[in-house]
Amino acid sequence: MEQIKEEAKTDWKSIYVVTLVAFIGSVHTHCIAPGIWPYMKMMEPGVSENFYGLLHSVASFGTVFTALIAGYVSNVKKDTKAPMVFGKVMAIFSCILYLMIELMNRHERLGMFLLFELLLGISGGAAQIYRTHIAMASTEKDRPRAVGISSLAPAIGLFIGPVGQVLFTLIGYPGIPIFGVHLNLYTAPIWMTIVISVIGLYLLVKHFNGKMDQLGAINKEVDEKRDYDVTAVIVCLVTKMLVSLCTFNFMTIGPPYTMTVFQWTPAESVLYLSVCMGLVGLNICFWNGAYVFFNLRKRISERRAIIFSISMLLLAYLLTYPWSFLKATIPYANVTSSVESVLHMQVGMDLDDVDVPGSTGCNPAFAWCAETPAVNMYVFLGSLIVVLGFALPLCLINLDILFSKILGNIRQGTMQGVFIVSGECLNVIGPIALTRLYTWKGPKPIWQFEVIFILLCFLLWIIFYKRMIGHSKRVATMSQMSEFAC
């Protein structure tokens, strides 16, 4: 076994291919995301924040369900290629459905949005199995760099996606007729996604080797016993839940909340949030690049980086909390154009004939706006960029590295699937609960819950700090203790 480990080399070619595919998926996700809520408001002005939360829950359910199956299948088949190919096919199909939404009548559109999000979640769950491949195709020594590379490309995608969305706003609405539908600021990202997803599918089919244990480094004895520290695994899973919940909080509550408190129109929301996501992408590129090119791993350990990230999360939530000492309240909505033209749209009406409504401020149905202080826009958006572009990426890259090390030399497909699911399980019901709580009581109780969760996670890391180590280091420590006892 020692000889095998010495001869093992990281399969950089497969890592580069799967990283490029992950980049394509990131462009897909982050180019579309800023426009979904504004597009729904355009197509169906009466849609509520609760339905928007339901969309995220449906997507998360698809991710959870598919990630578990993909992890199990990759373990049984000892290959990660098939689930990833399936994920790309679902991504293309979901985009085609999205383009068809404008052709539906008012009662069918929301159902199509739900189906789109479900398929998008399914594609994301299957595609996430690339993390398993990174862990299995890299040696423990090369894993920080491999994870950094695999995280860098999606980070670049996170920057390019929103930048593309900003450029697409120049097309306007309703846009240019094409193939019976329209190319506009809301659908242009979908057209682009179809093209790049086809490229990703080609790369997977023709140039990707998804075989597990390419290094010949799986310890069959350890693989059968599953001899890893369960407590350390649980702490990682709880941390993954925290990261995912914080992300989904900003992604789910963020668009309607910012439109409300800052009095943005749908078009302004797409523009400003896209700019913010672009800056987030730049931050993520910086941190992932630091792990790839400057070997940041040697300067700060995974454990310390994660604890520091959790501390930054806490600070960001405290800064964006609507404290009572803030004087300004949230103004109620001011309708800027007629809503009736859209409410009475006839099926088949040309979009060029639609007078699009717009409103700014708080929904009159939200009583909490009158007593909720308005946070400063620059503080909120700055904190958003810090959380999504600094704290969460730094936490995730180190969590990915540490989790794979804790598992050791086993086939990690199933456990990596569980890792993905731990980040998505709360989000199956979380977005629905968050949006309902938001429409009922506003942002205060949501922020309070997040702060409590962050403090709990921070406490777990302090208590179990010494156990959060890789499997090989754990075995070596236990051996030394046994020798000392003898």
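Coordinate-derived values only; no laboratory data. Note that the structure is a prediction, hence the values are computed from the model and not measured. A quick note on method: Cβ atoms are made from the backbone with ideal geometry, for glycine too, and the neighbour counts reach across all protein chains shown.
Going from the residue with the fewest nearby Cβ atoms within 10 Å to the one with the most, 39, 98 rank 39, 98. If the chain linking residue 465 and residue 234 were pulled fully straight, counting 0.36 nm for each residue of separation and taking away their Cα-Cα distance, it would gain 81.9 nm.
Note down the net charge around residue 10, summing +1 for each Lys or Arg and -1 for each Asp or Glu among other residues with Cβ under 11 Å from its Cβ. With Lys, Arg at +1 and Asp, Glu at -1, the net is +2.
Available extension along the chain between residue 227 and residue 104 is 38.9 nm, counting 0.36 nm per residue and deducting the alpha carbon span. For the chain, take the longest principal axis of its alpha carbons; what is the angle in degrees between that and the long axis of helix 143-168, to the nearest 10 within 0 to 90? Relative to the chain, helix 143-168 is tipped by roughly 10 degrees.
Each residue of segment 90-107 is assigned a 3J(HN,Hα), and the resulting list reads 5, 5, 5, 5, 5, 5, 4, 4, 4, 5, 7, 4, 5, 7, 7, 7, 4, 7 Hz, derived from the Karplus form 6.51 cos²θ - 1.76 cosθ + 1.60 (θ = phi - 60°), x at Gly and Pro. The angle separating the long axis of helix 230-261 from the principal Cα axis of greatest extent in the chain is about 20 degrees. How tilted is helix 413-441 with respect to the longest principal axis of the chain? Cα atoms for both, answer in degrees (0 to 90, nearest 10). Value to nearest ten degrees: 30. Taking label points 7 Å from Cα along the Cα-to-Cβ direction, residue 12 and residue 308 give a separation of 2.7 nm.
Is the C-alpha gyration tensor of segment 1-97 telling us rounded, prolate or oblate? Criteria: a/c under 1.5 is rounded; beyond that, a/b larger than b/c is prolate, otherwise oblate. In terms of gyration-tensor shape, prolate. Considering only 266, 53, 281, and ranking their Cα positions along the charge dipole of the chain that arises from unit charges at the beta-carbon of Lys, Arg, Asp and Glu, the one farthest toward the positive end is 281.
Normalising the Debye intensity of the chain to I(0), with uniform scatterers on Cα atoms only, and taking log10 at q = 0.06, 0.08, 0.11 Å⁻¹ returns -0.28, -0.49, -0.90.
Starting from the coordinates of the alpha-carbon atoms of segment 397-442, obtain the Kirkwood hydrodynamic radius over all distinct pairs and give the value in Å to one decimal.
12.7 Å
Under the shape rule built on the C-alpha gyration tensor, where the axes satisfy a ≥ b ≥ c, segment 259-329 is oblate, since a/c reaches at least 1.5 while a/b does not exceed b/c.
If only the Cβ of Lys and Arg carry +1 and only the Cβ of Asp and Glu carry -1, the dipole of segment 1-137 around its Cα centre is close to 180 debye.
Would you work out which of 92, 154, 130 lies farthest towards the positive end of the dipole of segment 78-168, given +1 charges on the beta-carbon of Lys and Arg and -1 on that of Asp and Glu, about the Cα centre? The residue sitting most towards the positive pole is 130. Dipole of the chain computed with +1 at Lys/Arg Cβ and -1 at Asp/Glu Cβ about the Cα centre; of 406, 313, 257, farthest Cα towards the positive end is 406. The dipole here belongs to the chain: it is taken about the Cα centre, uses +1 on the Cβ of Lys and Arg and -1 on the Cβ of Asp and Glu, and is about 1600 debye.
Here residue 325 and residue 48 are evaluated by their C-beta separation; at R0 = 22 Å the FRET efficiency comes out at 0.10.
Placing unit charges on C-beta atoms (Lys and Arg positive, Asp and Glu negative, everything else neutral), compute the dipole magnitude of segment 50-201 about its Cα centre in debye, rounded to 20. Mind dumping the intermediate values first?
Numbers: 10 positive and 6 negative charges, 81 e Å.
I would put it at about 380 debye.
Each stretch of four or more DSSP H residues adds -39500 (n - 2.57); spread over every residue of the chain, this sum gives -24000 deg cm²/dmol at 222 nm.
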